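What follows is a set of notes on a single structure, which appears directly below.
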Amino acid sequence: MIPETAHPSESLHKEKHVQTVAPFRAWRYAPAAGELGRLVAPPYDVIGPQLQSRLYAASRYNVVRVDLGMTTPSDGDCDNQYTRAAAQLAGWKREGVLVRDPEPSLTFVEERFTGPDGKPSVRHGFLAVIRLHEFDQGVVFPHEQTLSGPKEDRFRLMTATSMSLSPVFLLYDLPGDDITAAWASRLGSAVSPASTVTDEAGTVTSLWPTADPELLDIVRRYLDPSRFIIADGHHRYETALRYQKAQGAGAGDPPQAFDYALAYLSNMADPGLEVYSTHRLMSGLDPKMLAGLTRSLAGIFEVDKLTGTADPPRADDPDAAAQASRITQTAITTYLADHPRAAFGLWGPAFDAAYGLRLTDEAAARAAAPGHSAAYQELDVTILQTLILERALGLTADDMAAEKHVTYFKDLGEAFARLAAGDFQAGFFMNPTRLDQIRACAFSGERMPQKATFFYPKLPTGLVFHDLTGTL
């Protein structure tokens, strides 16, 4: 809840200027609903059936019941996961499980986490709403491709509930970051968080809701002229645009609540903003083609056999497989650290050792992605996709979007373990996409290939909800 000491300024209520990033009257779980950690959930797109069942069991008020409700064989037009979500939310409001802020607020967020690389970090940001803009208006920029299926699911949920349940993750570019500095001096170092959540991975998320007029004004002044990049949640943003059109875009004066998307905003200059890799594991490919891969790449890449590595041992020898996995993971991780650009690690049952692949023919990389900017052509994910997966292995862009022959892994250790167990033929390992590359591609109007970035951690769903009815 908003601290009782916070009071909005009259000028904010009289303000006729339409803000780009604005405070809003959030719906939140009331203390009576129980411990917040039992009520929130990861974003819907990372929840599998087992986790869904655990979240259902955690609390009858867990947000998964509305954000990713269970389906039944008898579901139809009048009774389905979307209609049940709407009924649940309405019931929670009536019962006081959810309560609404009495005045527009922002919620500052601090996340303390250990990344997939084992490095501890702290990321800062805040929850607000952002005025919806079409991508060609030069305010909000996507950075990677999306699929249609998740967008249809999110639209049906939004239409049924008239609520935005999970924020879009947006990046702003503010050197020095006066917004975070103002939060730190006025709240972060002086006021205990209103609530704290620790997830299964040990990430500690702390929240400071506030209607402090000076903090709200600082956000308005610094971010009204800004441009924003969608880091995560492209589907949710595009769904919000579709919902806005369905409701009648631009019809309201002042703007309506549906003219804004729920957003979590973080600064590109934040030291804790980390981007990690998504690795590619291959299956179902012609063994002869794989066997000749290092030879076929030798003209475009420098191919190095990594010392001390060997082909994965038999899957029925788990101890030997685990040891091989550890040795090879260390060798490839070291190779990638030594070659931070246009380099890849390769290992799997199809090969006699682990290999390092480093691009030497930059002209070939440019020619493989004609019509794109230099920033796009120089992306590691572009080089891997065009020169190796497409040209050398014969996959198409549609194959990769449909995950045909390729499976994406964010957990490095799991990827190596699955290769050692013989579950896949080969794995390609890569360095993370850099933030300056993301900025350059997004602001040039280009979308990277899917799975080009992995922002971690993902903010839990259920911290706040944005009501799409009425005005802010």
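The values are calculated or read from the model by the stated rules, or taken from the named source; none is laboratory data. What you see is a predicted model; the values in this text were computed from it and never measured. Don't worry about glycine lacking a Cβ; one is built from the backbone with ideal geometry, like all the others, and counts go over all protein chains shown. Quick note on the areas: whole protein, heavy atoms, side chains included, nothing else; ligands and nucleic acids left out. Shrake-Rupley method; radii C 1.70, N 1.55, O 1.52, S 1.80 Å.
Please specify each residue of the stretch 258-312 satisfying the condition of being under 24 Å from the mean Cα position of the chain (by Cα) and among the small types (G, A, S). Working first, answer last.
First, the residues of the stretch 258-312 that are under 24 Å from the mean Cα position of the chain (by Cα): 258-282.
If the condition is that a residue be under 24 Å from the mean Cα position of the chain (by Cα) and among the small types (G, A, S), then A261, A263, S266, A269, G272, S277 are the ones that fit.
Note on the stretch 183-226: residues that are farther than 19 Å from L459 by Cα, acidic (D, E) and under 24 Å from the mean Cα position of the chain (by Cα) amount to 1.
Could we say that T386 is among the hydroxyl-bearing types (S, T, Y), within 17 Å of F429 (Cα to Cα) and at pLDDT 95 or above here? It is true that T386 is among the hydroxyl-bearing types (S, T, Y), within 17 Å of F429 (Cα to Cα) and at pLDDT 95 or above. I'm checking my understanding of the structure. Among residues of the stretch 276-305 that are touching a helix residue (DSSP H, G or I) at 6+ places or on another chain (Cβ under 7 Å) and open to solvent by 20 Å² or more (accessible area, probe 1.4 Å), which one is farthest from H339 (Cα to Cα)? Ranking the qualifying residues of the stretch 276-305, first place goes to S296. Here is a list: D199, D212. Which entry is touching a Pro at 6+ places or on another chain (Cβ under 7 Å), surrounded by 16 or more Cβ atoms within 10 Å (Cβ to Cβ) and not polar (S, T, N, Q)? None of the others qualify; the one that does is D199. Listed by first and then second residue, the pairs with beta-carbon distance under 6 Å, at least 6 apart or on different chains, first residue in the stretch 164-185 and touching a residue at least 24 places away in the same chain (Cβ under 8 Å), second part of a loop (DSSP other than H, G, I, E, B), are S166/P43; V168/G233; F169/G233; L171/M268; Y172/S226; D173/M268; P175/A269; D177/A269.
For the stretch 371-392, residues that are free of Cβ contacts under 8 Å to residues at least 24 places away in the same chain and either assigned to a helix (DSSP H, G or I) or under 15 Å from A442 (Cα atoms) (or both) total 5.
Answer yes if at least one residue in the stretch 255-266 is surrounded by fewer than 18 Cβ atoms within 10 Å (Cβ to Cβ) and either among the charged types (D, E, K, R) or part of a loop (DSSP other than H, G, I, E, B) (or both), and no otherwise. Within the stretch 255-266 (the criterion being surrounded by fewer than 18 Cβ atoms within 10 Å (Cβ to Cβ) and either among the charged types (D, E, K, R) or part of a loop (DSSP other than H, G, I, E, B) (or both)), the answer is no, since none of the residues qualifies. Scanning the stretch 19-60 for residues that are among the β-branched types (V, I, T) and open to solvent by 40 Å² or more (accessible area, probe 1.4 Å) yields one hit, V46.
Among residues of the stretch 191-210 that are part of a strand (DSSP E or B), those with a beta-carbon under 6 Å from a residue that is modelled with pLDDT under 95 at least six positions away or on a different chain give the pairs W208/L187; P209/I2; T210/A6.
So for the stretch 432-443 (the condition being more than 21 Å from L273 (Cβ to Cβ), outside any strand (DSSP E or B) and of a type outside the set (K, R)), does at least one residue qualify? Among the residues of the stretch 432-443, not one is more than 21 Å from L273 (Cβ to Cβ), outside any strand (DSSP E or B) and of a type outside the set (K, R), which makes the answer no. Picking from P104, P150, P167, P73, which residue would you name as being on the phi < 0 side of the Ramachandran plot, crowded, with 16+ Cβ neighbours inside 10 Å and modelled with pLDDT under 95? Within the list P104, P150, P167, P73, the selection yields P150. Pull out all pairs, ordered by first then second residue, where Cβ-Cβ is under 7 Å, the residues are six or more apart or on different chains, the first lies in the stretch 328-352 and is in contact (Cβ under 8 Å) with a residue 40 or more places away in the chain and buried (at least 21 other Cβ atoms within 10 Å of the Cβ), and the second is among the charged types (D, E, K, R) and part of a helix (DSSP H, G or I). Between residues of the stretch 328-352 that are in contact (Cβ under 8 Å) with a residue 40 or more places away in the chain and buried (at least 21 other Cβ atoms within 10 Å of the Cβ) and residues that are among the charged types (D, E, K, R) and part of a helix (DSSP H, G or I), the close pairs are A342/D380. In this structure, is L357 closer than 23 Å to Q450 by Cα and not in a helix (DSSP H, G or I)? For L357, the condition - closer than 23 Å to Q450 by Cα and not in a helix (DSSP H, G or I) - is met. Comparison of A452, A367 shows that the only residue that is among the aliphatic types (A, V, I, L, M), in contact with a His (Cβ under 9 Å, 6 or more places away or on another chain) and either part of a loop (DSSP other than H, G, I, E, B) or modelled with pLDDT of 95 or more (or both) is A452.
Would you say V109 is open to solvent by 10 Å² or more (accessible area, probe 1.4 Å) and of a type in the set (A, V, I, L, M, F, W, C)?
Numbers: open to solvent by 10 Å² or more (accessible area, probe 1.4 Å): no; of a type in the set (A, V, I, L, M, F, W, C): yes.
No, not satisfied.
Out of curiosity, is G308 touching a residue at least 60 places away in the same chain (Cβ under 8 Å), within 30 Å of D352 (Cα to Cα), open to solvent by 20 Å² or more (accessible area, probe 1.4 Å) and not hydrophobic (A, V, I, L, M, F, W, C)? Taking the combined requirement at face value, the residue does not satisfy it. Evaluating T328 against the criteria (1) within 28 Å of the chain's Cα centre (by Cα); (2) in a helix (DSSP H, G or I); (3) at pLDDT below 95 leaves one unmet condition, (1). Number of residues in the stretch 395-440 that are more than 21 Å from the chain's Cα centre (by Cα), closer than 26 Å to P142 by Cβ and open to solvent by less than 40 Å² (accessible area, probe 1.4 Å) equals 3.
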